[in-house]
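Here the structure is laid out as structure tokens; the discussion comes afterwards.
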């Protein structure tokens, strides 16, 4: 199986690579559109600020490639947010795969949210073998509200999307690669799709 | 619900854990990777590695350590100690660190916080603040609490937040090593006046101290070293007690 992690200069890619290795698979980093299109699984990572990450993506032309992919694609954290319609962060236009606008947490809660929160209302094969209320690790200031594509919820001042899915596209706001055994299970589910 | 975090802190010198760490069932108690794996298995929510070495190879040794921890551990970890430039941070994050913590370098050059946040994002920049009370006022100190500065804790903490830091790690030098509980009054004030997560550090001795710092101190996370290293408190039993006291934890 060929697993490609999209390399566009945004984020901590090493941890994802290691997590995949612990599951017994190998992943390559690539920004080459042919290599990405020919992969069996594609992981779209990202940390940092939305508008500058999107700029990097546009600079490499990958913004045109990603929405056309046919194999399972997993966006993580900022990767998931960039797959949405837009983000309030840096007034950024996203890839528009998920039909939802990413907005900032209100100051009724501490921002960023950092730490382990619970996932509920799980409704996707991505969570096969994962029980309700398991803890996963997140670090973020912006979130995707609940929508038709929500496949897991999290509660922080209000309920929002912990994960999204549309056809072959998946996105998790949390970091499966940092979410202990639960996260590895979710990552494994994705790799076995 | 967002859980309160328990964070063991490991002191590192030349790539090895220092201070007697009392793990009999460990092949090599000086190996930070082995220790990290054990803490992760016991239920630690996060780890902090504080590098206290001062050699010329420091940067490379630390980057190698970060690489091996990331390779073996599936929970987040923070690296601190002598970090003073964008380059330093870049190397650590590229090798797999989730967050870095800066302390003296931020006091000496506060603009560094803005620069790091602009380049890497708030989520990975922790500012550590060491302070102790002088004539009833909390004064920020450097060099592990030895050198007082002109800065006052609460003003400095607010400036740190304004400059974009994602988290504050507050160590009370008055409480550190006393095993008499955390500085809950100052912590509660920080937690109420600021809108970023606060990590409590300094003073852990008994399980009750953790309950107190989450309830009275309103802390978002609690960090400790020796009580965990010497197995005076087990992380799992600590979390069970916290849960009984109505504190949300990950078990």
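The values are calculated or read from the model by the stated rules, or taken from the named source; none is laboratory data. Quick caveat: nothing in here was measured; it's all calculated off a predicted structure. No Cβ is skipped: glycine too gets one built from the backbone with ideal geometry, and neighbour counts run over all protein chains shown.
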Legend entry - Options B:161, B:185, B:193; residue that is more than 14 Å from chain A (Cβ to nearest Cβ), surrounded by fewer than 24 Cβ atoms within 10 Å (Cβ to Cβ) and over 13 Å from the mean Cα position of the chain (by Cα): B:185
Legend entry - Spans of helices (runs of 4 or more DSSP H) in the stretch B:65-148 with at least 1 residues within 13 Å of chain A (Cβ to nearest Cβ): B:86-94, B:111-120
Legend entry - Some residue of the stretch A:89-96 being surrounded by 24 or more Cβ atoms within 10 Å (Cβ to Cβ) and modelled with pLDDT of 95 or more: no
Inset, instruction - Just give me the residues in the stretch B:203-250 being modelled with pLDDT of 95 or more, more than 14 Å from chain A (Cβ to nearest Cβ), assigned to a helix (DSSP H, G or I) and surrounded by fewer than 21 Cβ atoms within 10 Å (Cβ to Cβ), in sequence order. - result: B:207, B:208, B:211, B:212, B:215, B:237, B:240, B:241, B:244
Legend entry - Matching strands (runs of 3 or more DSSP E) fully within the stretch A:109-193 where at least 2 residues are more than 9 Å from every other protein chain (Cβ to nearest Cβ): A:150-155, A:159-166, A:169-172
Inset, instruction - Considering only residues that are away from chain B (no Cβ under 14 Å) and under 16 Å from the mean Cα position of the chain (by Cα), look in the stretch A:22-53 and name the one that is nearest to residue A:143 (Cα to Cα). - result: A:44
Inset, instruction - Could you please let me know if residue A:69 is surrounded by 24 or more Cβ atoms within 10 Å (Cβ to Cβ) and touching a helix residue (DSSP H, G or I) at 6+ places or on another chain (Cβ under 8 Å)? - result: no
Legend entry - Qualifying residues in the stretch A:7-21 (those that are crowded, with 16+ Cβ neighbours inside 10 Å and part of a helix (DSSP H, G or I)) - the one farthest from the other protein chains (Cβ to nearest Cβ): A:20
